[in-house]
Every structure is written in C-alpha cells, then in structure tokens.
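The values are calculated or read from the model by the stated rules, or taken from the named source; none is laboratory data. Because the structure is predicted, anything quoted here is derived from the model rather than measured. We place every Cβ from the backbone using ideal geometry, glycine too, and count neighbours over all the protein chains shown. We work out accessible area using only protein heavy atoms, side chains counted, and drop any ligands, DNA or RNA first. Shrake-Rupley method; radii C 1.70, N 1.55, O 1.52, S 1.80 Å.
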Amino acid sequence: MWTPETLSSLASEKFEGTPLIVVSNREPYVHTKDNGVVEWSQPASGVTAGLDPILQACGGTWIAQGVGEADFEVADSQNKVAVPPDNPRYTLKRVRLSESDRKGFYDGMSNNGLWPLCHVAYTSPIFKESDWESYKKVNRIFADAILEEIKGRSAFVFIQDYHFALLARYLKLDNPSIITAQFWHIPWPDPEVLARCPWQEEILEGLLGNDLLAFHTTYYGTNFLNSVERATESRIDYDYRHIFMGGHRTSVRAFPMGVDFESINEQAKHKEVGNEVLRLKEEMGLADKFIGVGLDRLDYTKGVLERLNAIDRLLELNPEYKNRLVFLQLGAASRMQVDSYRDINDEINRLIERINIKYGNDVWTPVIRFSEDPGHTMRMATRVMADFYVVSSLHDGMNLVAKEFVASRHDEGGSLILSPFTGAADELRDAFVVNPYATDEFARTIDSAIKASPQEKRRRIISMRSVVRDNTIYKWAADLITAMTEFENQPIRVG
Ligand code: F6P
C-alpha cells in the first residue's frame, strides 16, 4: 500500500538528487485579493488536486500559468512561491501570459480545438491559425521557463495534458539530457478523427519528444500508436508499445489515475460533514426523499443534459417518485469565455426549469442546481448522503469524481451510476453502468439502482472500494516515477 511516506522514499531513491519539475497549465494554488487582502485557494481541478499531494510528498518545482490577481505580487523575482502557503513543501513557479496569448492558447487551440477533437461529444473543433500560433508561442514560453530553471543540468520533467503537445520536443532539442514524461489526461481519438486537426503531424512529433507518454487506458494508447502509424514516418513496436522516430524512442503506456482513498474515506467521517448533511437535508426538505447527486465541472462532455433527460423520463415512468425524489446537480462553471460552455450552461438551466414546471409543486422541486463551487464540505456531504450518484460523461479520460464518491462511502451505501465512456468504467465494473444516450434505459437503471436490495448495493460498493483502495494516487505516482527513471537519456534529431 503506497503512502505519502513510502512515495517520498521511492522518489529520493529513484531521482538520486536529479530535480523533478512538474508542468501544467492550471496552477495548484491561486492568490487573489479580497478588499485589498491577499487570499489563496485551490482551483476546482481533478488534475491539480491529484498532483498536489504527490509534490508535497516528493518535493520539486511545479511550473504553471499564474492567473490570480495577487499571484505575481506574492512571488519572488523569479516568480516563485513556496506552497502550500500554510505549510510549504514544494515550489510553485508561475508563468505570466499576455491576455492575447492566453486566449489563443487556452480558449482557442486548447479548448476550442483539441478538447472537442479528443472527446466524442458532438461539438465540432474549431481550428484557427492564429490560435495555433499562440499555442506554439506559449509552449515555447513554458519551455524557456523550464530550461531557465534547469540551467543546463539533467532533470525529470513531468508534463500534464493537452495544453503542451509541443513542449517535450522543444525541451529535448535544447537540452537532450532531460528525461520527459507526459500524461495526456483526456481521451486520445482514433486516427480518422485526429486527421481533422490541420496540425496533427506537428502535434504527434511534439509528443514523440517524450520518453514516456502515458494515458489513463490502454485503448487511448492504442489510438495514439495507430495515429502515429497513419500520419508519420516512424517505426512502431506494437508488442512493447514503443515508437521510434528520429533515433528517439517513446514508450506509450497506461497508468489509470487514482485518488487518495484513505484521506477521502477519513474526511467523509468528519463531524462537520455529518453536520452539513443534516443542514442540507433540513434546508431542502430532503429527510424523506430519495437523493440523487451529479457533480461536474461544467462541461458539455459530462452528459448533464442526458442525465436530466433520464430524470425526466424516470419521473414520467414512475409516478411513485412524485414528492419523493430530488436530484441535486452541483458544480462550478468553467471556461466561460468559450461559446460552447456558455451554451451548455444555459441549456442546463432551461431543461431544469422545464422539468420542475412539468412535475414540481408547492412543496417539491425535483431538480435543484448549485452553479457555484460547492466547496469541500458540501461536496463531501452530498457524496455521503446520495442514494444514487450519477457520472454520465459522453466521453471522459478517467473521471476521478466517480472514484471520490466510492472512496467517501465508508458506510458501504449508495449506488454509482456510471457511463461506460469514462476511463473509470474500466476499473469500476460493479457500478450500474448505463449508456447516457439511451434515455429509457438510463431511467430504468436509476430506478433499479434505487430499488436494488441493500445487500446488492453493499456488494457493489464494497467491491469498487477495494479497487479504488488498491489503485491510489500514490500508487499511480510510484508507478510513473519508476517508469520515468528507467530511461536512458535519448537525444532527439532535428529534421
Ligand atoms: O480533464 C482535463 C482537464 O484539463 C484536467 O486536467 C482538469 O482537471 C480539468 O480539465 C480542468 O480544466 P481547466 O484547467 O481548463 O479548468
């Protein structure tokens, strides 16, 4: 069983003093101001929440975009600040981007282009040349920030996600002694879909600058190998899942990300969580209701409309739920500068209103939405009090929310209703698996999940808890560190 302590020992043994640098677009801590007073918080992001405990255990430097209004005020002359701010364990180095670079790189190429390209959710990607120029420029800016930090030495650089497809190649060309591993947290599309991207070759070549390229599932890795075979001149060893290009070898492997099971399990038992459950039940009149919960960062890939349509159908098919079932839809808005995100937000509100008008009455509101970040305690309380918890993504690299729900249920109660189009469905085989597009089946599955015997519910959650307990975020990090430190330095040839 991996713990922060055993991970920390592994890191010292494997890194042998070579610095570790983690790179992501989203920063793990943001400094803001309230009435002139500097405050800090952690953003709602599965990736930063998952990596922060790892950096706390292993130490190192995390390089990310500074977005808070007080971010650079609290940082030193190299834009560095020690974090967590209340108990420093590692260094956060912030990169400052101009508004136009940020827009083209993040709103544009990353979220209007690559995000819909990689997720089958029927939103078309938009590829603009000006966004691609910003994307290349920002990848270069990050490469320079990393190289400045490394100062010509060797280092392990662990890159996160689709914002930085070109970074590893830039780094290797400048300093071949760097070992790079990249985790692509979202799905990888099949070669035909990837071909919609006008810069697919540059993106593939950029990613092949890595020594290790990691995905949540073997399937995404296979899509990547097939994409490389289709679009580049390279040699692929399918048995070992190695790609050889320009004298450099990239190993493609799956590392399903986990959560901090023990910590979530313990936090869910806290008295303040219990009190929050009582408060919510009291304030919303939920004491005698079947409670359904959905918690998502607002995104059209999460299948929220499909889930609400299923609730609508459930109420239509089962009048016995009248006055007896309430569905809570929680989660903060995100990427609101992007049109498709504003549209989905409005559509969700309209659909909820329609459902509540259709079925609700003076004493019963069937669907309640919280569009602000619910915060830690409420998030935990809603997991603990849910009779059924719905994760209905249309496509999702992993979905850690499903694993967090399972880890919270120390009472061995509650049912998880899970889309098969999530990476998590590979592991959580005892969930009530449902196709989010099949509304009738979805409604029937919610009904079965509510009516399943207590023994059946218990059997399922116990089995899933053992899976989540065995594959924690610390194990994920230990496996990645072990894999990353196996590589010899491999130069990359230009051309
Ligand atoms: O799942 C992909 C991802 O980029 C995660 O890395 C992150 O948790 C989430 O989306 C949030 O995205 P953003 O940083 O754009 O708010």
Of (1) farther than 29 Å from Gly221 by Cβ; (2) within 16 Å of the ligand (Cβ to nearest atom); (3) open to solvent by 10 Å² or more (accessible area, probe 1.4 Å), Glu73 fails just (2)
Only one of Lys281, Lys271 is assigned by TED's automatic domain parsing to the domain that holds Ala381 and without any contact (Cβ under 8 Å) to a residue 60 or more places away in the chain, namely Lys271
Of those in the stretch 297-324 that are within 16 Å of the ligand (Cβ to nearest atom) and assigned to a helix (DSSP H, G or I), the residue surrounded by the fewest Cβ atoms within 10 Å (Cβ to Cβ) is Tyr300
Within the stretch 90-147, residues farther than 14 Å from Val338 by Cα and aliphatic (A, V, I, L, M) come out as Leu92, Val95, Leu97, Leu117, Val120, Ala121, Val138, Ile141, Ala143, Ala145, Ile146, Leu147
- Query: Before we move on, is Leu394 surrounded by 15 or more Cβ atoms within 10 Å (Cβ to Cβ) and in contact with a Leu (Cβ under 6 Å, 6 or more places away or on another chain)?
  - Reply: no
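What helices (runs of 4 or more DSSP H) completely inside the stretch 181-267 contain at least 3 residues that are open to solvent by 10 Å² or more (accessible area, probe 1.4 Å) and touching a residue at least 60 places away in the same chain (Cβ under 8 Å)?
Ranges flagged: 261-267.
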Note on the stretch 96-112: residues in contact with an Asp or Glu (Cβ under 9 Å, 6 or more places away or on another chain) and within 14 Å of the ligand (Cβ to nearest atom) are Lys103, Phe105, Asp107, Gly108, Met109, Ser110, Asn112
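Let's see how each residue does on (1) on the phi > 0 side of the Ramachandran plot; (2) more than 16 Å from the ligand (Cβ to nearest atom); (3) of a type in the set (A, V, I, L, M, F, W, C):
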residue	(1), (2), (3)
Gly375	yes, yes, no
Ala407	no, yes, yes
His410	no, yes, no
Leu418	no, yes, yes
Ala438	no, yes, yes
Ile446	no, yes, yes
Ser453	no, yes, no
Lys457	no, yes, no
Asp470	no, yes, no
The condition from (1) open to solvent by 50 Å² or more (accessible area, probe 1.4 Å); (2) more than 14 Å from the ligand (Cβ to nearest atom); (3) of a type in the set (A, V, I, L, M, F, W, C); (4) over 17 Å from Thr482 (Cβ atoms) that Val67 misses is numbered (2)
Quick count over the stretch 346-357, residues being within 15 Å of Asp296 (Cβ to Cβ) and either at pLDDT below 95 or touching a strand residue (DSSP E or B) at 6+ places or on another chain (Cβ under 8 Å) (or both), is 3
Scanning the stretch 429-471 residue by residue, the ones that are under 28 Å from Ser8 (Cα atoms) and open to solvent by less than 10 Å² (accessible area, probe 1.4 Å) total 2
Scanning the stretch 362-377 residue by residue, those open to solvent by 60 Å² or more (accessible area, probe 1.4 Å) and either outside the structural domain of Ala310 (by TED's automatic domain parsing) or not in a helix (DSSP H, G or I) (or both) turn out to be Asp362, Val363, Thr365, Glu372, Asp373
Note on Asn79: of the conditions (1) open to solvent by less than 70 Å² (accessible area, probe 1.4 Å); (2) on the phi < 0 side of the Ramachandran plot, unmet is (2)
The number of residues in the stretch 1-57 that are in a helix (DSSP H, G or I), among the hydrophobic types (A, V, I, L, M, F, W, C) and either under 21 Å from the mean Cα position of the chain (by Cα) or within 16 Å of the ligand (Cβ to nearest atom) (or both) is 6
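Within the bounds of the stretch 115-131, is there any residue that is charged (D, E, K, R) and within 13 Å of the ligand (Cβ to nearest atom)?
Checking the stretch 115-131: not a single residue is charged (D, E, K, R) and within 13 Å of the ligand (Cβ to nearest atom).
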| said: Could you go through the stretch 71-82 and let me know if any residue there is at pLDDT 95 or above, under 22 Å from Gly258 (Cβ atoms) and in contact with a strand residue (DSSP E or B) (Cβ under 6 Å, 6 or more places away or on another chain). | reply: no
Result of the Cβ filter at 6 Å on the stretch 288-312, keeping first residues that are over 18 Å from Arg324 (Cβ atoms) and partners that are among the β-branched types (Val, Ile, Thr), at least 6 apart or interchain, is Gly294/Val390; Leu295/Val401; Tyr300/Thr123; Tyr300/Ile344; Val304/Ile348; Arg307/Val390; Asn309/Thr439
message: Among the residues of the stretch 152-166, are any away from the ligand (no atom under 16 Å from the Cβ), touching a residue at least 60 places away in the same chain (Cβ under 8 Å) and surrounded by fewer than 19 Cβ atoms within 10 Å (Cβ to Cβ)?
response: yes
Exactly one of Thr218, Thr250, Thr301 is under 24 Å from the mean Cα position of the chain (by Cα) and under 30 Å from Asn349 (Cα atoms), and that one is Thr301
Is it the case that some residue within the stretch 134-149 is modelled with pLDDT of 95 or more, closer than 18 Å to Ser251 by Cα and of a type in the set (A, V, I, L, M)?
-> no
| task | Would you check if there is a residue in the stretch 191-203 being closer than 30 Å to Arg465 by Cα and of a type outside the set (A, V, I, L, M)? | result | no
Among the residues of the stretch 97-106, are any assigned by TED's automatic domain parsing to the domain that holds Glu133, of a type outside the set (A, V, I, L, M, F, W, C) and over 30 Å from Glu129 (Cβ atoms)? no
